[in-house]
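Here the structure is laid out as C-alpha cells; the discussion comes afterwards.
The values are calculated or read from the model by the stated rules, or taken from the named source; none is laboratory data. None of the values given here were measured: they were computed from a predicted structure. Cβ placement follows ideal geometry from the backbone for every residue including glycine, while neighbour counts extend to all protein chains displayed. Areas reflect the complete protein model, heavy atoms only, side chains present, ligands, DNA and RNA absent. Shrake-Rupley method; radii C 1.70, N 1.55, O 1.52, S 1.80 Å.
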Amino acid sequence: MRYEADVLVVGAGHAGVEAAAAAARMGARTTLLTGNLDTIARMSCNPAIGGVGKGHLVREIDALGGVMGRAIDANGIQFRMLNRSKGPAMHGPRAQADRREYAIWVKNECECTPNLTLREEQVIEVVVEPTFDSAANVEDAANTTARPQRRRVVGVRTRSGSIYSAKKVVLCTGTFLHGVLHYGDVRMPGGRSGDEPAEGISDSLRRAGIQLERFKTGTPMRINMRSVDLSRFEEHGGDNPPEPFSFLNDWIDSTQVPCWIAWTNEHVHQIIMDNLDRAPMYTGQIMSTGPRYCPSIETKVVRFREKTRHQVFLEPEGRRTQELYVNGISTSLPCDVQIAMIHAIPGMEKAELLRFGYAIEYDYAPPQQLWATLETKAVQGLYLAGQLNGTTGYEEAGALGLVAGLNAALALAGKSPLVFTRDQAYIGVMIDDLITRGVDEPYRMFTSRAEHRLRLRQDNADRRLTPLGYKLGVVETSRWTKFQQKEADIQCAKTLLQTQRHEGFSLEEISRRPEVTAEKLMEICPELKTVTSRVMDSILIDAKYAGYIDRENREVVAMEKHGKILLPHETDYRTIRHLRSEACEKLNRVHPWNFAQALRIPGITPADLMVVRIGLEHLQQEPPHEAHAPDEA
C-alpha cells in the first residue's frame, strides 16, 4: 500500500504530538505514525509537567497554540508555582498529572485536529534519495557515478510493507531507536517498559549520512499506595488557588490531591553499596552517559557519600489509581535489591512494588548535525525533534516538536523558516545550545542557561510569542482575541498607575518599591480590582524590574551587530587560509548562521572570525553582509 501526506511525523510522544498538531494547524496534510495509538503522549517517567525552566517552555508552547499547556490544565491533579521566594524570572509552574487521563485527552485532541490523520504503523526505514547539483542535466542524474550534493527524504517504510510518501518527515522517536532496558544484569530490547524498540530506522539514518550515538536514562519503581503508611510522611499540598498553564484558562476548578515527602536512610544506602557489583552502571553493562541532573539513586549514594539521607517524593499517578511514583529513586538495580531498599524506608516496610525501576539505552543524533530549523544538514526535508536530539524531558521534547512541525509546514509552503533567537524565547536558547555547542549528556532546560532571563519570564510568554503565532497562522482566533483583551487591560492599568497619585508619588513610582504588592495597589486604587491576577503580575514585574530589563535590552542591541553579519551556509572553512585547524573543524561541523552564533561555539575566538571574513572576501565568495538573518523570527 502507498499513502501520501504533506508532512509525516514518526512517533507520538510529546514531541510528535506537538509537531503533528503544529503542521496541521498550518494547513499541511499531516499523518502521525506510531507503533501503538494507545500510548500517545504517554508519560514514561514522572507524571508531571513543568518546573523551573521547563515550565517556561510549556508556556511558550502554549503561547504558540500548542497542546501541552491545555492538556495539563485539563488533567492536572496538583499545581504549584516553584521558587516563589526568588525573583520572577526564576518562578516555574509545575503540575502533577493524571497520567492515563492526560494521554487520553491528548489522543482525542489529535483525533479532532483538522488536517491530521493518525495511523498505527511500525516504521522501519526512512527512505531518502540523492539530489544532484542544479546545473546537472537529466543524463547526469541518471548516471550512477555522478556525485550527489545532498540527499532528500521521500518518505518512510513500515513493517507492514506500506510506503508513506512525503516531502517533509519529522522523526520523534524518543528512546525507541535500538532501545535496551536494564533490570540489574537482565537486558531486553524495548523502547520503554512494555513497548517494542524501533529497529531499522537507525540503520537507514546512518546510510543517509547521519551520525548516531548512545545515551542512557532511567525511571523509578511504582508502589501501591494502600501498602504504605502515609501518616509517617510529610504531606505536600498544591497552591490555593492553583495557577493554570495555558493562557486560555483563567482558573483551575478541579480538586487537588496531595503528595508526600519521605527520606532514604543509611540502611537504604548500605543495601545499595552492598549491591553495586550488580548495578549495570557500575559493572560496565551500561556504557552510555545519563542525565547529570536526574541521577540514579545508586549514583547519588556513591557520589555524595557524606549524605545520610536523600529526599523522596511519593506522587500519585492519577485520581482513580493507587499507584505512587517514587520520585528520587531512579534505579536499574536488580528487582530483589529494589524491594529490599524500599522496605528499608520507614513507612514502606510492607510496600508492594507494582512496577520495577529500570534504565534504558537508546540511539540519539548529536544535534550539531541540525540547522536551527531542526532540519538535518545531511538530508533535505528530514527534521529531528525530542530525545532524538539529545534532550531529556517532556517539555524540551514538546518545544522541539513544535518548532520542527512549524518549519516543515513553512518549508512546504515555500515560506521563510522560523528560528527563535536567544533573547526571544527559551525555545531559542535551547535550540541554539543544541546546534552550536552540542551535548555530552542529555540536555535539560534551566533558567541559568538564558542570558536574558528577565525578558524571558514564564508570565510574559504570550506577550512575546502569541503575535508571532498569529502572524504565522498557527494561533486560533479565540486565543488572539483573548490576548488582545489582556493587552488592552494592561495598557488601561498602566495608564491608571501613571495618572493617579498617592502621598505625592504616582502609583507607577510606588509600584516599583520592593515591598509593594498587588493587594496594596488595589487598596490604594480600587479601580484595579477589576484587573485579573495575570495582568497585575505583568504590570508589577515590568515596573519593579524596568531598570534591569532596560539593561538587558541594551545588551541585546549590542549583540544584534554580530547577528547581522551573516555567513554563507555552504562554506568549506578548510579553504580559508590561516584559519586554525580547530576552528576549521568546529565551523564545518556547525555551519553557523552568523557571527553571533559562531562566537558561541566553544573554542571559536573573535580572531578566528576576522580570518574568516578576510578569507571569504579573498575567495571571492559572497562576503558577509549587513542584513536581518532570513531565519530569524
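It is to be established whether one or more residues within the range 232-243 are in a strand (DSSP E or B), among the aromatic types (Phe, Trp, Tyr) and more than 28 Å from the chain's Cα centre (by Cα). No; the residues of the range 232-243 include none that is in a strand (DSSP E or B), among the aromatic types (Phe, Trp, Tyr) and more than 28 Å from the chain's Cα centre (by Cα). Checking each residue in the range 194-228 for being within 26 Å of the chain's Cα centre (by Cα) and farther than 25 Å from Leu400 by Cα picks out Gly194, Pro220, Met221, Arg222. Within the range 401-420, residues that are aromatic (Phe, Trp, Tyr) reach partners that are buried (at least 24 other Cβ atoms within 10 Å of the Cβ) with beta carbons closer than 8 Å, at six or more positions or on different chains, in the pairs Phe420/Val403; Phe420/Ile427; Phe420/Ile431.
Scanning the range 483-541 for residues that are free of Cβ contacts under 8 Å to residues at least 12 places away in the same chain and of a type in the set (Asp, Glu) returns Glu503, Glu509, Glu515, Glu519, Glu523.
Residues in the range 217-240: is at least one open to solvent by 60 Å² or more (accessible area, probe 1.4 Å), of a type outside the set (Asp, Glu) and under 20 Å from Cys45 (Cα atoms)? Taking every residue of the range 217-240 in turn, none turns out to be open to solvent by 60 Å² or more (accessible area, probe 1.4 Å), of a type outside the set (Asp, Glu) and under 20 Å from Cys45 (Cα atoms). In the set (1) aliphatic (A, V, I, L, M); (2) outside any strand (DSSP E or B); (3) surrounded by fewer than 20 Cβ atoms within 10 Å (Cβ to Cβ), the condition left unmet by Leu118 is number (2).
Go through the residues of the range 617-633 one by one and say whether even a single one is part of a helix (DSSP H, G or I) and either open to solvent by less than 30 Å² (accessible area, probe 1.4 Å) or modelled with pLDDT of 85 or more (or both). No. Residue check: Lys544 meets all listed conditions (1) closer than 19 Å to Ile604 by Cβ; (2) at pLDDT below 90; (3) crowded, with 17+ Cβ neighbours inside 10 Å but one, namely (1).
Just to be sure, is Ala28 open to solvent by less than 10 Å² (accessible area, probe 1.4 Å), under 27 Å from Ala95 (Cα atoms) and modelled with pLDDT of 95 or more? So Ala28 fails the test. When we screen Gln369, Gln338 for residues that are open to solvent by 10 Å² or more (accessible area, probe 1.4 Å) and not small (Gly, Ala, Ser), the only hit is Gln369.
The test for being in contact with a Lys or Arg (Cβ under 8 Å, 6 or more places away or on another chain), surrounded by fewer than 22 Cβ atoms within 10 Å (Cβ to Cβ) and part of a strand (DSSP E or B) does not hold for Leu324. When every residue of the range 423-442 is checked against the conditions, none turns out to be of a type outside the set (A, V, I, L, M, F, W, C), closer than 19 Å to Ile49 by Cα, open to solvent by 10 Å² or more (accessible area, probe 1.4 Å) and assigned to a loop (DSSP other than H, G, I, E, B). The strands (runs of 3 or more DSSP E) falling completely within the range 1-102 that include 2 or more residues that are out of contact with any Asp or Glu (no Cβ under 6 Å at 6 or more places or on another chain), over 19 Å from Thr392 (Cα atoms) and in contact (Cβ under 8 Å) with a residue 40 or more places away in the chain map to 2-4, 7-10, 30-34, 76-82.
Go through (1) at pLDDT below 95; (2) open to solvent by less than 10 Å² (accessible area, probe 1.4 Å); (3) not charged (D, E, K, R) and name the single condition Ala136 misses. Evaluating Ala136 over (1) at pLDDT below 95; (2) open to solvent by less than 10 Å² (accessible area, probe 1.4 Å); (3) not charged (D, E, K, R) leaves (2) as the failure.
Looking at the range 182-193 only, could you name the residues that are of a type outside the set (A, V, I, L, M, F, W, C), open to solvent by less than 80 Å² (accessible area, probe 1.4 Å) and more than 24 Å from the chain's Cα centre (by Cα)?
Taking the range 182-193 as the starting set, the residues that turn out to be of a type outside the set (A, V, I, L, M, F, W, C) are 182-185, 187, 189-193.
Those left that are additionally open to solvent by less than 80 Å² (accessible area, probe 1.4 Å): 182-184, 190-193.
If the condition is that a residue be of a type outside the set (A, V, I, L, M, F, W, C), open to solvent by less than 80 Å² (accessible area, probe 1.4 Å) and more than 24 Å from the chain's Cα centre (by Cα), then His182, Tyr183, Gly184 are the ones that fit.
Residues of the range 401-422 that are assigned to a loop (DSSP other than H, G, I, E, B) and either open to solvent by 10 Å² or more (accessible area, probe 1.4 Å) or among the aromatic types (Phe, Trp, Tyr) (or both): Ala413, Gly414, Lys415, Ser416, Pro417, Phe420, Thr421, Arg422.
Taking the range 456-515 and the helices (runs of 4 or more DSSP H) fully enclosed by it, the elements with 3 or more residues that are at pLDDT 95 or above, under 25 Å from Pro417 (Cα atoms) and within 35 Å of the chain's Cα centre (by Cα) are at 461-472, 477-499. Restricting the range 267-306 to residues that are within 21 Å of Pro346 (Cα to Cα) and among the β-branched types (Val, Ile, Thr) leaves a set whose member that is nearest to the chain's Cα centre (by Cα) is Ile297. Restricting attention to the range 32-69, the residues that are within 12 Å of Ala97 (Cα to Cα) and surrounded by fewer than 24 Cβ atoms within 10 Å (Cβ to Cβ) total 4.
Before we move on, is Arg206 open to solvent by 30 Å² or more (accessible area, probe 1.4 Å), closer than 24 Å to Ala359 by Cα and outside any loop (DSSP other than H, G, I, E, B)? For Arg206, the condition - open to solvent by 30 Å² or more (accessible area, probe 1.4 Å), closer than 24 Å to Ala359 by Cα and outside any loop (DSSP other than H, G, I, E, B) - is not met. For the range 103-115, a residue qualifies if it is in contact (Cβ under 8 Å) with a residue 24 or more places away in the chain, open to solvent by 20 Å² or more (accessible area, probe 1.4 Å) and not in a loop (DSSP other than H, G, I, E, B), and the qualifying residues are Trp105, Lys107, Glu109.
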